[in-house]
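> Okay, handing you the structure first.
The values are calculated or read from the model by the stated rules, or taken from the named source; none is laboratory data. Note that the coordinates shown come from a computational prediction; the quantities given were computed from them, not determined experimentally. Don't worry about glycine lacking a Cβ; one is built from the backbone with ideal geometry, like all the others, and counts go over all protein chains shown.
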Amino acid sequence: MKAFTYERAKDAQGAARAAAQPGAKFLAGGTNLLDLMKIEVETPAHLVDVQDLGFDKIEETREGGLRIGALVTNTDLAADARVRRDYSVLTRAIVAGASGQLRNKASTAGNLLQRTRCPYFYDTNMACNKRKPGSGCAAIGGYSRQLGVIGVSDKCIATFPGDMAVAMRVLDAYVETIDAGGQRRAIPIADFHRLWGDHPEQDTVLKPGELITAVTLPKPIGGKHFYEKVRDRASYAYALVSVAAVIQPDGTGRVAFGGVAPRPWRVEAAEALLPQGAAAVTARAFQGATPTKDNAFKLPLATRALASVIAQSKA
Amino acid sequence: MKFDTPAGQNPIDRMQVVGRAHDRLDGPVKTTGTAPYAYEHHADVPNAAYGYLVPAAIAKGRIASIDTRAAKAAPGVIAIVTAADAGPLGKGDKNTVKLLAGPEVDHYHQAVAVVVAETFEQARAAAGLVRVDYARGAAQFDLDDALKTAPLKGGSSDEGSAAPPVDRVGKFEEAFAAAPVKLDARYTTPDHSHAMMEPFASIASWNGDQLTLWTSNQMVNWGHEDLAKTLNMPKEKIRFMSPYVGGGFGGKLFLRTDAVMAALGAKAAGRPVKLALSRPVMANNATHRPATRQRIRIGAQKDGTITAIAHESGSGDQPNGSPETAVNQTKLLYAGANRMISMRLAVLNLPEGNAMRAPGEAPGMMALEVAMDEMAEKLGLDPIAFRIKNDTQVDPEKPERRFSQRQLARCLTEGAERFGWSRRNAKPAQVRDGKWLVGMGVASAFRNHMNMASAARVRLSQNGVVTVETDMTDIGTGSYTIIAQTAGEMMGVPAEAVVVKLGSSAYPVSAGSGGQWGAANATAGVYAACVKLREQIAQRLGYNSADVTFQGGKVSSGNRSADLAKAAQGGELVGEDKIEFNKLDKSYQISTFGAHFVEVGVDAYTGATRLRRMLAVCAAGRIINPKSARSQVIGAMTMGVGSALMEELAVDKRFGLFVNHDLASYEVPVHADIPHQDVVFLDEADDKANPMKAKGVGELGLCGVGAAIANAIYNATGVRVRDYPITLDKHLEQLPAVA
């Protein structure tokens, strides 16, 4: 871990201003950032601790949805009665991730910003364009069982590893931010995580210093909610493939996949095929996929995991 | 004490303290955090500086240059040691590869330097500033490729499992060709990491030319000797201590780099140094269980009688390394007139392969016991009946050698009854519970028992306290407790009244902890020392030692009786002895047996396997403490779940490293993976083993578990996967269509 300076921000715009400086990063729960700093994958020169900014409430919006403060812990969000009642895909996704201890500490904004779990990203002896732009990608041609099958590039084949965001994607959430100039915006979650392209070092569309203040959920959409997470062990593992889905009584619905791409993978034209069954949806959703030999199984697995969800929705 | 004839009746047979389920005597200090582990001897070393390792960034080649200027100038840095300034170092007998690289690099994450600083954070930060330039060398990282030209090679795990390069009985090829029913199948097992909870850690403190080392090591004497060899100094000038070990699984059998680098760092810094390996460095810096490529051929008559059996295994290791002895159990487990085993060893430049819990048998049984399941199906026999049909009470290669005790058949039949084996549908892919495809599997369990010399000293103090001293280690197994039980039984006091001091080179050399030899041999050594002490007590009291009894804190002979404490009133009495073995384990084959039963569910959609029930029935001699023995077996069964379903060090064949070198990516089972586990110990006492009539059990619990799970998965799905771990991708597309 490199030495760094530290400040505890008092207001949101001040935090944004401080974090807009080169080498600065926000610190919330720290469950991902601090681990990466210890192995020098992350080497910020300055940390802006946002824990005193409030942002820790879940409020109802005028539109009938929920506004989730950026610092609401994963535990509190998953346990919220309104979330459990109206957005249970979100609760299911959150409790499928990490461990109780981590969820107690991890924040809503931090969860959206967690970095990939590609093992080559984690090993500073290995080339990684995401960690060190221009150094190459050791994962391409290497061990890639966990890595992405679609939306990846010839610069990076990592995935976004989270669960919570996959559920937020089917709920059409918005990410609310404030920047150093005090400008606020609401970014559709569909646009929040970038595809890697030529710049895998940029995980999201956030500008330097732009601070997430909340995530808003539109009003509830009913239906049955599912989060099917497939992994090699029963708990405490990243998804090989996950499926977040809301299925309506008529068999229509929404579906997003986790563990397959740089972002929660939802293709609206594909989910329109839900009444035709899982294979129709995934054939469309994963059109143009570029799996490796190690992770080609994720394509049939995505189909089968979705089939499991559809079967449960009919039960 | 020489143990060369079967044990007669002795005080242990009373089973008043031994054989009882006893809570761990070290439980309270461990659960309150007051048991000092290797990194935590603050009380002994209040002023330690912190060492942090710089690991090699390449797998094979040379260090072209090291620039330590920036690191030396970093805040708090006291010293930096590389091979260039360490002075000439030897190599431990038990180490295949040297523990400090330079100028050659032998494997990824081999130690290149240690940075010593005032604080842990300063040492870690400065370690990141050491610049090392490498020249990569030619290397081989691909086991399958290397095995194409690998020579035959015999070897020993040093843990009870050994085999020559080729071993033949009868005419295998002819018998196999003539057999009406045959199986010829290939199996693979991957590299495994020990992944113990406590990392490799040491504190080194010099006083002039005397070194004191607190470390985490299973074998105090091996580590002590190899540290002396490595540092080129007399063993007598080193105190080597390992009183608590937070798991080892064979990874801590040997001297490792933490001990050497702490010692070198402390010498350079002129003050004590503590050093622990960080988790991401452990998998490549330390040893691992090598991957295997196995081929098994079995030929049988139509009634199931095996007429030909062959087991070949290939593995890889560093130059001058040794093979994974995966064929060993096939020499002993089943009858069959025509037999062949062989091993090949490829040279690889991956990290050093070496012992991990049940080396040889663990991966060997994962293949053999699947082959037996496959063969039973070909024969149309129940897999239990097929095994019992080929059971043997003699060494199949040397029929004049009988097994000292062999209750394999009883383990299988009793397990079958308890588990409800009769409810298993022999036809695979027939049982469904909701989305789960349900199957049951069985495997024999087999692991050799090893006799190892073991010494102890037992004191009776003037106030009547019994204290045992031996360099035996407790690696989470319960050594403190069973040694107290043994001394308690011998001296007629409760286990709680015995003080047990372990894990120091100041104490007599024990068997140590490895190869499931620890419990039986270390307690036998304590038994021998207690016999000596009993003689002295009888003598001091003027009793005839032949008919003296120790019971309830009293010593009695005929109608005379005295308090135990009285015997030492005139001065402390000390009994010291060593149990030694010579020929009984040559004339008898001493092994442990069992049967593993599992029920699994395989998700019909995703192919993910989850355990539903597990049972182990073990026949392993006298069980000294059923509670800690059960803990050993359920822990081993859990490890078996890992090897069956998820554990695999992923090899990058381009760069020569295990890529998934942390506990997020090298997955071991979590609580949610483990269902209800039952363990049954058959009532047994093996008088050919030692005076305790006990054998090992900690590794038996692992041997066969993986195969039982593989067989259950096959029974559930009808898809046979022969490549471990059986992750869902390996059978997904052969499962019934769902969409």
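> Step by step: first the residues of the stretch B:612-641, then only those that are surrounded by fewer than 24 Cβ atoms within 10 Å (Cβ to Cβ) and within 14 Å of chain A (Cβ to nearest Cβ), then the one that is nearest to residue A:145 (Cα to Cα). Which residue is that?
Once the filter is applied, the top-ranked residue is B:638.
> Then there's this: Kindly list, by first and then second residue, each pair from a residue in the stretch A:286-315 that is at the interface with chain B (Cβ under 8 Å from one of its Cβ atoms) to a residue that is basic (Lys, Arg) and part of a loop (DSSP other than H, G, I, E, B), limited to pairs with Cβ atoms under 9 Å and residues at least 6 apart or on different chains.
Short answer, once both residue conditions are applied: A:297/A:145; A:308/B:435; A:311/B:435.
> I've got another one for you. With the condition kept exactly as written, say whether any residue in the stretch A:152-164 is of a type in the set (Gly, Ala, Ser), farther than 25 Å from residue A:24 by Cα, buried (at least 22 other Cβ atoms within 10 Å of the Cβ) and touching a Ser or Thr at 6+ places or on another chain (Cβ under 9 Å).
no
> Inside the stretch B:46-66, can you point out the residues that are in a loop (DSSP other than H, G, I, E, B) and within 14 Å of chain A (Cβ to nearest Cβ)?
The answer is B:56, B:57, B:58, B:59, B:60.
> Would you confirm, using the coordinates I've provided, whether residue A:177 is β-branched (Val, Ile, Thr), touching an Asp or Glu at 6+ places or on another chain (Cβ under 7 Å) and more than 30 Å from residue A:223 (Cα to Cα)?
no
> Where residues in the stretch B:590-606 are within 14 Å of another protein chain (Cβ to nearest Cβ), in contact with a Ser or Thr (Cβ under 8 Å, 6 or more places away or on another chain) and in a loop (DSSP other than H, G, I, E, B), which of them is nearest to residue A:234 (Cα to Cα)?
This residue is B:606.
> Only one residue in A:95, A:48, A:89, A:41 is of a type outside the set (Asp, Glu), without any contact (Cβ under 8 Å) to a residue 24 or more places away in the chain and crowded, with 16+ Cβ neighbours inside 10 Å, so which one is that?
Just a single option satisfies the conditions, and that option is A:95.
> Also: If you check A:5, A:73, which single one turns out to be under 17 Å from residue A:109 (Cα atoms) and among the hydroxyl-bearing types (Ser, Thr, Tyr)?
The unique qualifying residue is A:73.
> Would you confirm whether any residue within the stretch A:223-243 is hydroxyl-bearing (Ser, Thr, Tyr), away from chain B (no Cβ under 14 Å) and surrounded by 17 or more Cβ atoms within 10 Å (Cβ to Cβ)?
no
> Taking the residues in the stretch B:645-680 that are assigned to a helix (DSSP H, G or I) and in contact with a strand residue (DSSP E or B) (Cβ under 8 Å, 6 or more places away or on another chain) as candidates, determine which candidate is nearest to the other protein chains (Cβ to nearest Cβ).
Here the answer is B:673.
> Tell me yes or no: at least one residue of the stretch B:687-707 is within 12 Å of chain A (Cβ to nearest Cβ) and either surrounded by 19 or more Cβ atoms within 10 Å (Cβ to Cβ) or over 29 Å from residue B:605 (Cα atoms) (or both).
Checked against the condition, which is being within 12 Å of chain A (Cβ to nearest Cβ) and either surrounded by 19 or more Cβ atoms within 10 Å (Cβ to Cβ) or over 29 Å from residue B:605 (Cα atoms) (or both), the stretch B:687-707 yields no hits at all.
> List the helices (runs of 4 or more DSSP H) inside the stretch A:8-120, counting only whole elements, that have at least 2 residues being of a type in the set (D, E, K, R).
By residue number, A:33-38, A:81-86, A:100-105.
> Give the residues of the stretch A:110-127 that are facing another protein chain (nearest Cβ under 10 Å) and buried (at least 24 other Cβ atoms within 10 Å of the Cβ), sorted by residue number.
Within the stretch A:110-127, A:118, A:119, A:120, A:123 qualify.
> Let me ask something else. How many residues are surrounded by fewer than 24 Cβ atoms within 10 Å (Cβ to Cβ), touching a strand residue (DSSP E or B) at 6+ places or on another chain (Cβ under 8 Å) and assigned to a helix (DSSP H, G or I) when one looks only at the stretch B:489-502?
1
> Across the stretch A:98-109, what is the number of residues that are crowded, with 23+ Cβ neighbours inside 10 Å and among the polar types (S, T, N, Q)?
Result for the stretch A:98-109: 2.
> Which one of these does residue B:429 not meet: (1) under 24 Å from residue B:220 (Cα atoms); (2) small (Gly, Ala, Ser); (3) in a loop (DSSP other than H, G, I, E, B)?
Failed condition: (1).
> Is it fair to say residue A:254 is more than 14 Å from chain B (Cβ to nearest Cβ) and either of a type outside the set (S, T, N, Q) or in contact with a strand residue (DSSP E or B) (Cβ under 7 Å, 6 or more places away or on another chain) (or both)?
When the stated conditions are applied, residue A:254 passes them.
> Tally the residues that are closer than 17 Å to residue A:151 by Cα, more than 13 Å from chain B (Cβ to nearest Cβ) and not in a helix (DSSP H, G or I), restricting the search to the stretch A:258-285.
Adding up the residues that qualify gives 9.
> Turning to a different aspect of this structure: Given the conditions (1) surrounded by fewer than 17 Cβ atoms within 10 Å (Cβ to Cβ); (2) in contact (Cβ under 8 Å) with a residue 60 or more places away in the chain; (3) charged (D, E, K, R), which single one is not true for residue A:268?
Condition (2) is where residue A:268 drops out.
> Quick one: count up the residues across the stretch A:34-46 that are more than 10 Å from every other protein chain (Cβ to nearest Cβ) and closer than 17 Å to residue A:115 by Cα.
Counting residues in the stretch A:34-46 that are more than 10 Å from every other protein chain (Cβ to nearest Cβ) and closer than 17 Å to residue A:115 by Cα gives 6.
> Can you name every residue in the stretch A:79-94 that is in contact with a Lys or Arg (Cβ under 8 Å, 6 or more places away or on another chain) and of a type in the set (S, T, N, Q)?
The answer is A:91, and nothing else.
> Also, I was wondering about something else. Assigned to a loop (DSSP other than H, G, I, E, B), in contact with a Leu (Cβ under 8 Å, 6 or more places away or on another chain), hydrophobic (A, V, I, L, M, F, W, C) and farther than 24 Å from residue A:43 by Cα - does that describe any residue in the stretch B:127-138?
No, there is no match, as no residue in the stretch B:127-138 is assigned to a loop (DSSP other than H, G, I, E, B), in contact with a Leu (Cβ under 8 Å, 6 or more places away or on another chain), hydrophobic (A, V, I, L, M, F, W, C) and farther than 24 Å from residue A:43 by Cα.
> Continuing with the same structure: Tell me the residue from A:147, A:171 that is closer than 29 Å to residue B:647 by Cα, buried (at least 24 other Cβ atoms within 10 Å of the Cβ) and at pLDDT 95 or above, please.
On inspection, the qualifying residue turns out to be A:147.
> OK, next. If you check every pair at least six apart or on different chains, which have Cβ atoms under 8 Å apart with a residue in the stretch B:209-226 that is among the acidic types (Asp, Glu) first and a residue that is surrounded by fewer than 24 Cβ atoms within 10 Å (Cβ to Cβ) and in a helix (DSSP H, G or I) second?
Partner pairs satisfying both residue conditions: B:209/B:237; B:225/B:235.
> Determine whether residue B:689 is outside any strand (DSSP E or B), small (Gly, Ala, Ser) and within 30 Å of residue B:136 (Cα to Cα).
In short, no.
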